[in-house]
Amino acid sequence: MRLFFAAFCTTLTFATTTGVVSAASLQVSPVSLEIPAPEMSKTITLNNPGAAPLKAQIRVYRWSLVNGEEHLEPATEVVASPPLATLQPKTDYVVRIVRTAKTPVTVEETYRLLVDEIPDKSQQRPNSIAMAFRYSVPVFFTSKMAGGPNLSWSTQVINGKTHVSATNTGGRRVRLADLKATDSQGKPVVIAKGLAGYVLARSSKSWVAPMGLQKTAQPLLITAQGDVGPINAQALPQTTR
């Protein structure tokens, strides 16, 4: 299944279309996990600062890029223990994330940990809206054997729209922010303001450029902020289709 998640996202479950909002206040930390080999597990902490108990569901998904887009599928080689939790008020609850696969990590493995608050319908007042929080926590199993990232850029016009793609042939992800492209006219165009997403190891990620970017056969100048420093590169045009 194809799903898109930021590092943190909130979803709403509506009981009615009018009335006040009632909600518990699930909190999760940290907001990302990196687990270097030979470690096989790490923990996250769930917290309930509210006045009533709340329930949470914890699921692990394998996270990949397919045809330049985010893709999640249930993980079998990484588990959350326990997968369900009842959090008492003003308490912390520790959940362990465990890699059960026995094979070594040779290329960085990437997962998304989804932590969902489960609304208590018995506590919901009439004519109110139940707000349920969802956290999406990136999880990275890394190894020194994997090496670093190696990005190259390209452009392609598909159905009249300019697509900018980054291909990572390295063994570690790149986190991108403030992604811009400059064409032959010299005017930078913002492709993604703030977080632009991750280019995972041995994967490609694509963005549809705004209409202001000219459809040109000339290379584009790409600038962005990576997690290891600024990026300045050329995006070479590919065959238009």
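The values are calculated or read from the model by the stated rules, or taken from the named source; none is laboratory data. Quantities reported herein were computed from a predicted structural model and do not represent experimental measurements. Glycine gets a Cβ as well: all are built from the backbone with ideal geometry, and neighbour counts include every protein chain shown. The protein model used for the area step is the full one, side chains on, heavy atoms only, and it has no ligands, DNA or RNA in it. Shrake-Rupley method; radii C 1.70, N 1.55, O 1.52, S 1.80 Å.
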Could you check, for region 179-199, whether at least one of its residues is under 19 Å from Glu70 (Cα atoms), assigned to a loop (DSSP other than H, G, I, E, B) and not hydrophobic (A, V, I, L, M, F, W, C)? no
Which condition number in (1) under 20 Å from the mean Cα position of the chain (by Cα); (2) free of Cβ contacts under 8 Å to residues at least 12 places away in the same chain is the one that Ser203 fails? (2)
If the requirement is being of a type in the set (Val, Ile, Thr), touching a strand residue (DSSP E or B) at 6+ places or on another chain (Cβ under 8 Å), at pLDDT below 95 and closer than 20 Å to Glu109 by Cβ, which of these qualifies: Val157, Val190, Val199, Val228? Val228
Across region 54-82, which residue is farthest from Thr167 (Cα to Cα) among those that are open to solvent by 20 Å² or more (accessible area, probe 1.4 Å) and more than 20 Å from the chain's Cα centre (by Cα)? Lys55
Quick check: anything in region 154-171 of a type in the set (A, V, I, L, M, F, W, C) and surrounded by fewer than 20 Cβ atoms within 10 Å (Cβ to Cβ)? yes
Can you name the residue in region 79-99 that is closer than 13 Å to Ala51 by Cα and in a strand (DSSP E or B) and, of all such residues, is modelled with the lowest pLDDT? Thr91
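Can you find, within region 30-48, the residue that is modelled with the highest pLDDT among those that are open to solvent by 60 Å² or more (accessible area, probe 1.4 Å) and within 20 Å of Thr91 (Cα to Cα)?
Checking each candidate, the answer is Lys42.
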What is the number of the single condition among (1) of a type in the set (Gly, Ala, Ser); (2) modelled with pLDDT of 95 or more; (3) open to solvent by 40 Å² or more (accessible area, probe 1.4 Å) that Ala51 does not meet? (2)
So which of Asp183, Asp227 is among the charged types (D, E, K, R), free of Cβ contacts under 8 Å to residues at least 40 places away in the same chain and open to solvent by less than 80 Å² (accessible area, probe 1.4 Å)? Asp183
Those residues of region 85-96 which are surrounded by fewer than 12 Cβ atoms within 10 Å (Cβ to Cβ) and aliphatic (A, V, I, L, M), in sequence order: Val94
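Kindly provide the set of residues from region 145-159 that are farther than 14 Å from Gly229 by Cβ and in contact (Cβ under 8 Å) with a residue 40 or more places away in the chain, ordered by number.
Let us first name the residues in region 145-159 that are farther than 14 Å from Gly229 by Cβ, namely 145-147, 150, 152-159.
Selection gives Met145, Ala146, Ser152, Trp153, Ser154, Thr155, Gln156, Val157, Ile158.
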For region 100-110, state whether one or more residues are part of a strand (DSSP E or B), modelled with pLDDT under 95, farther than 21 Å from Val199 by Cβ and open to solvent by 20 Å² or more (accessible area, probe 1.4 Å). no
